[in-house]
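For reference, the structure is listed below as structure tokens.
The values are calculated or read from the model by the stated rules, or taken from the named source; none is laboratory data. Just so we're clear, the structure is a prediction, and the values are computed from it rather than from any experiment. Glycine also receives a Cβ, built like all others from the backbone with ideal geometry; neighbour counts cover every protein chain displayed.
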Amino acid sequence: MKSLNMDGKAFILLSKIISNKYRTVEPKVQRLSLSYKMKIIKMKIITVITLTLLFNINLVFSQNINWRSIPEDRQSLVSLQMGFDFGLTTQLGYGRKINTFRPLFLMADVSLPMGNKPFQDFKCRAGGQMEVFEKHQFSLSMQYLTIVRRLETGLVRQLGIGSKTGLTVGYFAPKWHLAAEFGYDQFIATHIKHSDLLYSNYEQLENGWYMNTGGQWYYGLQGGKTLGNRLELTYKAGATNSKGDHVNAMLPYYLQLGLVWRF
């Protein structure tokens, strides 16, 4: 296993890897300059890989559940969500409420970017959300999801395994709800396969699994309005913050609108 550390903005430097000829007057000076530059190139390529995986697929979309609007005869939900989260994305999900010692909602969903190759990148999640406290329609719930992500560009193909934990607290009435959300999205391990283009510029790159490749804190508001007996309009908005001193996205915000059908 290897370790990745994000250390800066790298996309501009990556273009120089391909185009720069490193021309100097004296051959000896050229060799020293090239050796130094190749060390920088290696560091920046790793940064590109990490940033691309971290910021190119939506991270923090979570299930927007109103516990009070799920009737006993319609415990299953299908959701369609669209929004912005480091790019335009579409999410399709299914969930079902399970009656245990506390209300439990099991869920699974898949997210795809909007573009000319939507199935080249994806994110699949599965897990659950439990309401741990409720009084006078004020509610606190906890969520845990396992996540599989895939991203492919002309430079690298990445397959990541991660997890998401979160808390939601707010007011949940039968016809509407408003709540605050807070959580963390962790990249546990990422398998990286470099393209021939990268290998032709730096042969010491290594394919394989890299551990602890980043993470994101997220915080925001979510809400919803029940429409009739089966349909609900949901919305959420918030911001993200990279773990530690890792680089934040250029637009560290997310926005999501969706429809939920109960049956």
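Reported count of residues in region 162-194, each being under 13 Å from W209 (Cβ atoms) and surrounded by fewer than 16 Cβ atoms within 10 Å (Cβ to Cβ), is 4. Selection of region 70-127 for residues being touching an Asp or Glu at 6+ places or on another chain (Cβ under 6 Å) and at pLDDT below 90 yields Q91, P113, Q120. Looking at S139, is it of a type in the set (S, T, N, Q) and without any contact (Cβ under 8 Å) to a residue 60 or more places away in the chain? When the stated conditions are applied, S139 does not pass them. Here Q158, Q204 are screened, and the one residue that is out of contact with any Cys (no Cβ under 9 Å at 6 or more places or on another chain), part of a strand (DSSP E or B), touching a residue at least 24 places away in the same chain (Cβ under 8 Å) and not aromatic (F, W, Y) is Q158. Restricting region 131-141 to residues that are surrounded by fewer than 17 Cβ atoms within 10 Å (Cβ to Cβ) and not basic (K, R), the residue that is farthest from Y219 (Cα to Cα) is H136.
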